[in-house]
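Structure, as structure tokens:
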Amino acid sequence: MYGKKVRLSKIFRDDGRTLIVALDHGMAFGPLPGMTDPLDVIGKVLKGNPDALLLSPGLLRLSAGSLGKVSAIMSINCGLKDYNSIVREALRLGADAIKLMVFTHGPDEAENLKSLYELSIACEEWGLPLLAEMYPRTKDKCKGEVIAKVARIAAEAGADFVKTFYTGDKNSFKKVVDACPVPVIILGGPKIESDEEMFNMVRDALDAGARGVAFGRNIWQRRNPEAMVKKLAELIHEES
């Protein structure tokens with residue numbers, strides 16, 4: 001669908017990669033350290049020129065007029081009833097994609113996957129790209145076999161790209177990417193204290209075929225979010 005291709009081209013640059021800043025944590029965690037004033041954080045992050053922001057519906061409404069050329073991805077959770085209305089609202093607010101948090105390896109897995117499938121149908125109808133954030137609820141959540149499975153499930157259910165854990169090494173993550181027919185980007189999880197450790201993880205993931213990152217706390221819990229966005233953009237795009 002043409003509209004979907006246009007929106008994806010705003011999120012992924014010509015090199016096929018993307019830097020997404022996740023700012024939707026308040027939906028689950030409330031005002032985390034570093035994110036007590038979300039509009040101020042959004043302003044700092046935008047100065048670093050990311051490709052897209054992950055925003056809750058409320059923050060998207062509050063900030064839509066200030067994003068400029070940076071894409072917005074509206075973040076929602078499973079269990080909603082009318083996904084067509086949700087997709088229409090995302091489009092009304094100017095979002096270029098919608099993200100669904102999908103939990104697996106737990107008692108609610110079937111319901112989460114049902115939501116993913118239903119939302120993918122609505123997104124396809126309206127030409128809105130769908131990002132599936134696949135989160136296995138298991139102690140082995142970063143294991144290669146687990147991540148390969150959930151990434152493939154997301155693609156099979158209709159996701160246009162997948163956000164999930166890095167497996168910890170290039171070889172296992174390459175198997176994830178090779179088995180997933182849509183782009184895979186890595187999430188950051190809790191703040192990594194060492195900048196160099198984080199940069200090495202990003203480099204390794206990209207070398208293995210990741211198409212970018214969607215980081216939150218590893219950007220806005222640092223002293224200078226703008227500088228961190230710029231550094232990550234350099235790693236993702238200029239070193240490609």
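The values are calculated or read from the model by the stated rules, or taken from the named source; none is laboratory data. Predicted, not measured: the structure shown is a model, and the values here were computed from it. Cβ coordinates were reconstructed from backbone atoms using ideal geometry, including for glycine residues, and neighbour counts include every protein chain displayed.
Per-residue answers, yes or no, for (1) modelled with pLDDT under 95; (2) closer than 23 Å to V162 by Cα:
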residue: K47; (1), (2): no, no
residue: D51; (1), (2): no, yes
residue: L55; (1), (2): no, yes
residue: G68; (1), (2): yes, no
residue: I73; (1), (2): no, yes
residue: C78; (1), (2): yes, yes
residue: D82; (1), (2): yes, yes
residue: D96; (1), (2): no, yes
residue: V102; (1), (2): no, yes
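Within region 151-166, count every residue that is surrounded by fewer than 24 Cβ atoms within 10 Å (Cβ to Cβ) and either free of Cβ contacts under 8 Å to residues at least 60 places away in the same chain or hydroxyl-bearing (S, T, Y) (or both).
Residues flagged as surrounded by fewer than 24 Cβ atoms within 10 Å (Cβ to Cβ) and either free of Cβ contacts under 8 Å to residues at least 60 places away in the same chain or hydroxyl-bearing (S, T, Y) (or both) within region 151-166 amount to 7.
Quick one: count up the residues across region 207-240 that are closer than 12 Å to L19 by Cα and either among the basic types (K, R) or touching a residue at least 40 places away in the same chain (Cβ under 8 Å) (or both).
Summing the residues that are closer than 12 Å to L19 by Cα and either among the basic types (K, R) or touching a residue at least 40 places away in the same chain (Cβ under 8 Å) (or both) in region 207-240 gives 16.
Here's a check for you: in region 101-130, which residue that is among the small types (G, A, S) and assigned to a helix (DSSP H, G or I) is surrounded by the most Cβ atoms within 10 Å (Cβ to Cβ)? Break it down stepwise before answering.
To start, the set of residues in region 101-130 that are among the small types (G, A, S) comprises 106, 110, 115, 120, 122, 127.
Subset that is assigned to a helix (DSSP H, G or I): 110, 115, 120, 122.
Values: A110: 10, S115: 22, S120: 20, A122: 19.
So the residue we want is S115.
Filter region 56-99 down to the residues that are touching a Lys or Arg at 6+ places or on another chain (Cβ under 9 Å) and in a strand (DSSP E or B) and list them by number.
Correct list: S71, I73, M74, S75, I76, A97, K99.
Which of the residues that make up region 166-207 are closer than 21 Å to P136 by Cα, among the small types (G, A, S) and assigned to a loop (DSSP other than H, G, I, E, B)?
Answer for region 166-207, where residues must be closer than 21 Å to P136 by Cα, among the small types (G, A, S) and assigned to a loop (DSSP other than H, G, I, E, B): G168, A179, G188, G189.
Among the listed residues D40, D108, D82, D96, which satisfies the condition of being more than 29 Å from R137 (Cα to Cα) and of a type in the set (D, E, K, R)?
Numbers: D108 fails: more than 29 Å from R137 (Cα to Cα); D82 fails: more than 29 Å from R137 (Cα to Cα); D96 fails: more than 29 Å from R137 (Cα to Cα).
Residue meeting the stated conditions: D40.
Tell me whether region 30-49 contains one or more residues that are without any contact (Cβ under 8 Å) to a residue 40 or more places away in the chain, surrounded by fewer than 19 Cβ atoms within 10 Å (Cβ to Cβ), over 17 Å from N218 (Cα atoms) and under 17 Å from the mean Cα position of the chain (by Cα).
Checked region 30-49: no residue is without any contact (Cβ under 8 Å) to a residue 40 or more places away in the chain, surrounded by fewer than 19 Cβ atoms within 10 Å (Cβ to Cβ), over 17 Å from N218 (Cα atoms) and under 17 Å from the mean Cα position of the chain (by Cα).
Answer yes or no as to whether A52 is among the aliphatic types (A, V, I, L, M), closer than 24 Å to E234 by Cα, touching a strand residue (DSSP E or B) at 6+ places or on another chain (Cβ under 8 Å) and surrounded by 14 or more Cβ atoms within 10 Å (Cβ to Cβ).
Here the answer is yes, as A52 does meet what is asked.
Table: residues versus (1) acidic (D, E); (2) within 23 Å of A28 (Cβ to Cβ); (3) under 18 Å from the mean Cα position of the chain (by Cα); (4) buried (at least 19 other Cβ atoms within 10 Å of the Cβ).
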| site | (1), (2), (3), (4) |
| --- | --- |
| I186 | no, yes, yes, yes |
| I192 | no, yes, yes, no |
| G212 | no, yes, yes, yes |
| G216 | no, yes, yes, yes |
| E226 | yes, no, no, no |
